[in-house]
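To start, the structure under review is shown below, and the notes come after it.
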Amino acid sequence: MPKRFSLVVFAVTLLSSTSLYAQDLALKRVMLSSGGMGYFEYEADVEGDAHLKLTVVLDQVDDVLKSIVVYDDKGGVGGLDLPSREPLAQTFRNLPFVESDLGSSEGLLLALRGAEISVGGPHTLNGRIIGVVQEQETGADGQVTKDRHRVSVMSDKGLQSFILEDAENIQFSDPALQSQIDHALGALAANHMRDSRTLDLTTTGHEKRKVRVAYIVQTPLWKASYRIVLPADPSAKQATVQGWATVENLSGQDWKGVDLTLISGQPVTFRQGLYRTYLVDRPEAPVEVVGRLLPGIDQGAVAQHKADAGWGVNGGVRAALPTVPALAVNQAYGGADIAKLYRSSALAGPEGTITAQEGLTQVVFHLPASVSVENGRTLSAPIINNQMPVERLALYQPDVNAIHPLSTVKLTNDGKTGLPPGIVTIYENGDNGIAYVGDSRLSDLPVNDYRLLSYALDQTVTIAQNDEASSKSVRAAIANGVMRYNLINRKSVVYKVKSTEPRLLLVETPKFPGWTLTDPKTSDASEIQGKYRLPFNLKAEDGQQFSITQELVVTQREALTQTMDSDLLAYAENQEFDNKTREELRHIVDLRTDVAKADQRVRDIEASVNGIGQEQARIRQNLQSTPAGSDLQKRYLAKLNDQETLLDDLSEQRKQALQMDVNAKQALNDYISALN
């Protein structure tokens, strides 16, 4: 069969000989953070100057460029080289053909019209490509049997042609063009792993040494899960707590015998597109022509200074924890009685010892043995196994269930490191073995702290609650003419409880901002997320009752000179005020009564004076029409004389009444001012 095109054969050979995953560095250590970041450390033994290849997933290149570090105490780093983000686009940008032209021989020849070629085979010739035309070959029956391509070439003998499928080889006479084709085919072969990039790291040195390369990239966060086995005795103070870690390998490579460390913390992380191309927009300057001047505007200059940068690596000391076992379950459910499925309460564990380190911002768990996890698979391994303090109780959360509390375990961390958050499966030892009782969730648990793990509804306790509210005035005091007193607003929740077993009940109730808890008076009250959490000891009986009361004290002020007498009398009768204040208020009422009487006396006298004045005006009006010397005139004159005498007397009385009014008001003011 005739050979088609030697360059196509070359491309196939290149693809088959190119490594799809170049890797000179061996992965040795992996550290995974619950914050979603992973530390990957590689090693390689080198001598002298060396080029190390490292293939990473395309999505990780930004993080690798941001965080890569090289540990080499006997050498240096020459640099890091990798293809651009769009390598094919850059490769074909300056070539006389495009990527699709390399899909067929006829496509490439047609794209390179005018290029000089040498054709080998039955029909040899040399010349420049003019064009390629598709022809159809037909059989004796007139049916099309195959497609052929006729290539037209301008040679020194004139216009000639040959059938492309009959040619044994075609060579380009121009070495530069041949090199361009070779380079393009090589780029196509290297781009077969388009979702990854191979980094070429250069190291410099003169002797044998071990080079370590590490970087930090985004990874799936590892998850913690717990198993708690409660003793059969409800009053027992210790329980077995076992923690497992679930790890996913989505790094794009297999982990083979790596040293695995798990970190629980919340580091601050950023991502930056260092592997992307950014161009700065520039303003367009006009083309200068003769006769036009357009000087720029000087905005001043700022000196540029380069800042030094460096890397730091932190170390730590690990503290040993007890051997971590793996949970053993000997039977499947299979429809059997669940209480009989867990006959043995013993937990078997691995031979290694988990080490843990508590830092300022994180907890580190180091697995004792190396692990192997293929890419795309999940690993689950035990990291914690301790006896920890527990206490069983009932937790009443009305917003979860208004009638029954929740069966709850109070778990205290008396270990040396904190516990990461995770889901908790709770078992209970019984006469027939271990039984499943429920699930819960554990938040971050620091050392010497505790968490409440609610796992089921406790129907042995029934609760009914009733809300009450009231207010009253107390603690009055008078100073500088102002009475200050406290108005106490009170809100209470009364609980009526029935319990078939004695137990500790924790009640959660909303904490009102600015209010004070006054009942019960206990030092065991705690606060959590805007709520009070209060303990009550229940007995195995019905009709138990207790209440939770909060108070808000508001200070009120009354200006005594402006307060109505009825209000003062009400304050004077308030049994919550002290006797001294009440007596002072009563005396103020008496003094204000004296002032009122004096005011009334003045008003009465002034009313009499006004009445006499109106009568005199009437008499004087009548005198104008009364005959002189008549008896009626004498009578009017006599009456005016008597009224004048009375007015003189009322004037004296008015002076005295006004003085009494002044004295009464002065007495009131002096008394109020003297109160303190």
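The numbers here are math on the coordinates, done by the rules we state, and not lab data. Source: prediction; values computed, not measured. Neighbour counts run over all protein chains shown; Cβ positions are idealised from the backbone, glycine included.
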In terms of the Cα gyration tensor, with a ≥ b ≥ c the square roots of its eigenvalues, is the range 567-674 rounded because a/c is under 1.5, prolate because a/b exceeds b/c, or oblate?
-> prolate
For the range 235-245, in residue order, the Karplus 3J(HN,Hα) values (coefficients 6.51, -1.76, 1.60; θ = phi - 60°; whole Hz; Gly and Pro = x) are 8, 4, 9, 9, 8, 7, 10, 10, x, 10, 10
Residue order, fewest to most beta carbons within 10 Å, for Ile619, Ile384 | Ile619, Ile384
Ordering of 643-654, 40-51 by burial proxy (mean other Cβ atoms within 10 Å per residue, highest first) = 40-51, 643-654
Go through 106-112, 154-160 and give me the packing order, highest mean Cβ count within 10 Å leading.
-> 106-112, 154-160
Here the range 451-465 yields Karplus 3J(HN,Hα) values (6.51, -1.76, 1.60; θ = phi - 60°; whole Hz; Gly and Pro given as x) of 9, 9, 10, 8, 10, 6, 8, 8, 8, 7, 10, 10, 10, 10, 10
So which GluC sites (Glu not before Pro) in the range 155-208 are both in a DSSP loop and have at most 12 other Cβ atoms within 10 Å of their Cβ?
-> Glu207
Peptides ranked, highest mean first, by Cβ atoms within 10 Å: ranges 401-414, 593-606 = 401-414, 593-606
